[in-house]
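Worksheet for the structure shown next.
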Amino acid sequence: MSIPPISLIYFFYGLAFFSMGLLVMVEGGRSSDARLRRALRPLAAFGLIHAANEWLEMYEGVAVLLGQPIPGWLSGVRLAMLAFSFVSLAAFGSYLLAISPTAPRLILVVPLGLETVWVFGLFILKGNYPAPLIWNVADVWTRYSLAIPATLLAAIGLVVQQRVFRQA
């Protein structure tokens, strides 16, 4: 039995995020801009946690192929890691958008608000789908409710940071 090609994709995808997270963690403290230094911490967390999530997904695929049982709690851990990684990405974008010194405290309301919407959505979805499908539905809900807004926040934050760098 050979390893399915999707497992290799998960491995290299996770490796890319792990490398990014590790690089940002090691080099992020060297920035001269305090706002960027503060923003890079959650970006490093995003990379490392998202990599672990991808590797867990790879493990699940290989375990199913080899006929090994997957612990029931593993899907919950993977979903929590996926959600926390996207909340970290949202925090990165929010920090980049914090222009005034007091704004970083207030701007973190955005990732917490996203997380609140995600949790309430999970409770609503849990009652509307059968148990065998709930993990797939929760995964999709996590990507729509957290990943898309977090990605948009990060992209807008990077555009704002680019303008700050050009002005400097």
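The values are calculated or read from the model by the stated rules, or taken from the named source; none is laboratory data. The structure presented is a predicted model; accordingly, all values stated were derived computationally and were not measured. Note that each Cβ is placed from the backbone with ideal geometry, even for glycine, and that neighbours are counted across all protein chains shown. To get the accessible areas, we keep the full protein, side chains included, count just its heavy atoms, and leave off ligands, DNA and RNA. Shrake-Rupley method; radii C 1.70, N 1.55, O 1.52, S 1.80 Å.
Numbers below:
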item: Qualifying residue in segment 16-31 (condition: of a type in the set (S, T, Y), without any contact (Cβ under 8 Å) to a residue 24 or more places away in the chain and either in contact with a strand residue (DSSP E or B) (Cβ under 6 Å, 6 or more places away or on another chain) or closer than 17 Å to A98 by Cβ (or both)); result: yes
item: Of all residues making up segment 21-51, the number that are in a helix (DSSP H, G or I) and farther than 14 Å from S88 by Cα; result: 11
item: Top-ranked residue of segment 19-36 - restricted to ones that are modelled with pLDDT of 85 or more and of a type outside the set (G, A, S), ranked as least open to solvent (accessible area, probe 1.4 Å); result: V24
item: Residue in segment 52-70 that is loosely packed, with under 13 Cβ neighbours inside 10 Å, assigned to a helix (DSSP H, G or I) and touching a residue at least 12 places away in the same chain (Cβ under 8 Å) present; result: yes
item: Set V137, V159: member being in contact (Cβ under 8 Å) with a residue 12 or more places away in the chain and part of a helix (DSSP H, G or I); result: V137
item: From A34, A91, A63, residue being more than 23 Å from L146 (Cα to Cα), of a type in the set (G, A, S) and touching a Pro at 6+ places or on another chain (Cβ under 8 Å); result: A63
item: Condition met for Y10 (assigned to a helix (DSSP H, G or I) and buried (at least 18 other Cβ atoms within 10 Å of the Cβ)); result: yes
item: Positions within segment 136-168 being among the aromatic types (F, W, Y) and surrounded by 15 or more Cβ atoms within 10 Å (Cβ to Cβ), in sequence order; result: W141
